[in-house]
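To keep things clear, I will list the structure first and then write my remarks on it.
The values are calculated or read from the model by the stated rules, or taken from the named source; none is laboratory data. All of these numbers come straight from a predicted model, not from anything done at the bench. Cβ coordinates were reconstructed from backbone atoms using ideal geometry, including for glycine residues, and neighbour counts include every protein chain displayed.
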C-alpha cells in the first residue's frame with residue numbers, strides 16, 4: 001500500500017480517489033475497430049473522450065457527500081468506477097468498507113430472471129451465506145412491497161418496481177457505504193419518501209453516503225458535503241451549501257432562464273427580500289406547509305421587497321416531489337408579452353398551480369430574473385418556498401401529473417376535468 005493510501009486509511013477514509021482518469025474510445029464505423037487492430041502502420045481510427053480527468057478526493061466514514069454536475073460531467077462514470085463495474089484508465093480508487101450501490105435502473109439485474117432470483121443472486125454475490133439468505137430475502141421482499149410480483153420475470157417490471165427491488169436489496173445488505181444515483185427519482189411518491197427516511201436512518205447510524213442527484217433540494221436536505229464535477233474535473237469540494245451556491249452560479253450563468261429546484265438558500269441579490277409567502281385558501285398545517293385536495297388549485301401569494309428596479313422581470317416556478325423529482329415548471333419569459341418594469345419598493349404576485357397530481361407532498365421553488373440584457377440576471381431564487389400536502393380525492397391519475405388527457409366515447413368525454421365538473425355539479429345540485 002502506498003504512503004498516500006496508508007495516510008488515507010489512517011485518517012478514517014471510507015473512499016479515497018487519487019488522480020482518477022477515464023477515457024473512452026469512439027469509432028465512426030463499427031468496422032474501424034477491426035481495421036485499427038489489423039493496421040500495421042498503427043494508424044488510429046478512433047477519437048478519445050476523457051470522461052474523468054485527474055479526479056482526487058477522500059470521503060471520511062460517516063460523511064454524506066452529494067455529487068452534482070450537469071449531464072456529461074462524469075458523475076455516472078465516477079460511480080461506476082467506485083462500485084467496480086468499470087475500470088479506470090489511470091489513477092487509484094480505494095474503498096474501505098462494505099458497499100451497497102443503486103446505479104441506474106436495474107444495472108446488474110438479469111431481465112429474464114424473476115425478481116426473487118435476481119435478489120438471491122445479489123445477496124449471494126455480496127457474501128450472504130445460506131443461513132442468512134432466507135431472512136435477508138424476506139427483508140427485501142417486505143421492504144420493496146413486491147410480494148405479488150416477486151416471482152415474475154424482471155422484464156415485466158416497471159421502472160418504479162425495478163428501483164424498489166434495487167434499493168431494497170442495497171439496504172438489506174447493511175452496507176457501510178451506500179452509493180446512490182438518480183434512479184430514486186422515479187417511482188411513486190410514497191416509496192420515494194420511504195427511501196428517503198431509510199437513507200436518513202442510514203446517515204444517523206454514522207454510515208457513509210455518496211449520493212448523485214440533479215435535485216439540489218434533496219442534496220441540501222440529505223448531505224453535509226458537496227462535490228461539484230464539471231467536464232470530468234472537480235470544480236468545487238466543500239460544505240454542501242457552498243457547493244450548491246457554486247453550482248447554481250455557474251449553472252445560471254449558462255442557462256439563466258432554466259428554473260430548477262434546490263435548497264433553502266436563496267442565490268441572487270441578498271437585498272431582494274421575501275416579505276411574506278402563503279398559499280391562499282389552504283389549511284396551514286405548520287410553518288410553510290399547507291394542505292389541499294387533488295383537483296384544487298394552489299394559489300401562492302408572494303410579497304417581495306426590492307431596493308432597485310427590475311427593468312424586465314421574469315418569474316419562474318418549479319414544482320418537485322418526493323426524492324426531488326421535478327414534476328412541472330413554468331417561466332413567464334415571453335418576448336411577445338413582456339412583464340412591466342418593477343419599481344423599487346414592495347410588489348406582490350400570485351402563482352397558481354392546478355393540483356391535478358397524485359397524493360403526496362410537493363415543494364414550490366420560485367425565481368425572479370431580469371432579462372433586460374443579453375445575459376439574463378438572476379435577481380433572486382427561493383427554493384422550497386412552501387410545501388403542499390395533497391390529499392386524495394379519488395381521481396384516477398397515473399404517473400405524477402395529469403396534463404389534460406381526454407377519452408371520448410360516443411358523445412361523452414372522460415377526463416379529470418370532466419370528472420371535476422361532474423362532482424362540482426353534484427355538489428351544487430345541478431347534475
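Filtering the stretch 155-175 to residues that are surrounded by fewer than 21 Cβ atoms within 10 Å (Cβ to Cβ), assigned to a helix (DSSP H, G or I) and either in contact with a helix residue (DSSP H, G or I) (Cβ under 9 Å, 6 or more places away or on another chain) or not assigned by TED's automatic domain parsing to the domain that holds residue 100 (or both) leaves 159, 160.
Of all the residues in the stretch 146-160, those that are under 19 Å from residue 102 (Cβ atoms) and without any contact (Cβ under 8 Å) to a residue 24 or more places away in the chain number 1. Report, by residue number, each residue of the stretch 268-291 that is over 22 Å from residue 244 (Cβ atoms) and part of a strand (DSSP E or B). Hits for the stretch 268-291 are 275, 276, 278, 279, 280, 283, 284, 285, 286, 289, 290, 291.
Suppose we keep only residues that are surrounded by 18 or more Cβ atoms within 10 Å (Cβ to Cβ) and in a loop (DSSP other than H, G, I, E, B) within the stretch 106-127. Which one would you say is modelled with the lowest pLDDT? Applying the filter and picking the extreme gives 106.
Among the residues examined, residue 116 does not qualify as out of contact with any helix residue (DSSP H, G or I) (no Cβ under 9 Å at 6 or more places or on another chain) and more than 30 Å from residue 57 (Cα to Cα). No other residue among 345, 399, 360 is crowded, with 19+ Cβ neighbours inside 10 Å, at positive phi and touching a residue at least 12 places away in the same chain (Cβ under 8 Å) apart from 360. Looking only at residues of the stretch 310-331 that are under 25 Å from the mean Cα position of the chain (by Cα) and not in a strand (DSSP E or B), we find that the one that is modelled with the highest pLDDT is 324. Is it fair to say residue 360 is at pLDDT below 85 and either in contact with a helix residue (DSSP H, G or I) (Cβ under 9 Å, 6 or more places away or on another chain) or outside the structural domain of residue 284 (by TED's automatic domain parsing) (or both)? Answer is yes for this residue.
Applying the criterion of being in contact (Cβ under 8 Å) with a residue 60 or more places away in the chain and surrounded by fewer than 20 Cβ atoms within 10 Å (Cβ to Cβ) to the residues of the stretch 192-222, the residue that is nearest to the chain's Cα centre (by Cα) is 214. When 233, 225, 248, 280 are checked against the criterion of being at negative phi, surrounded by 18 or more Cβ atoms within 10 Å (Cβ to Cβ) and at pLDDT 80 or above, 225 stands alone in meeting it.
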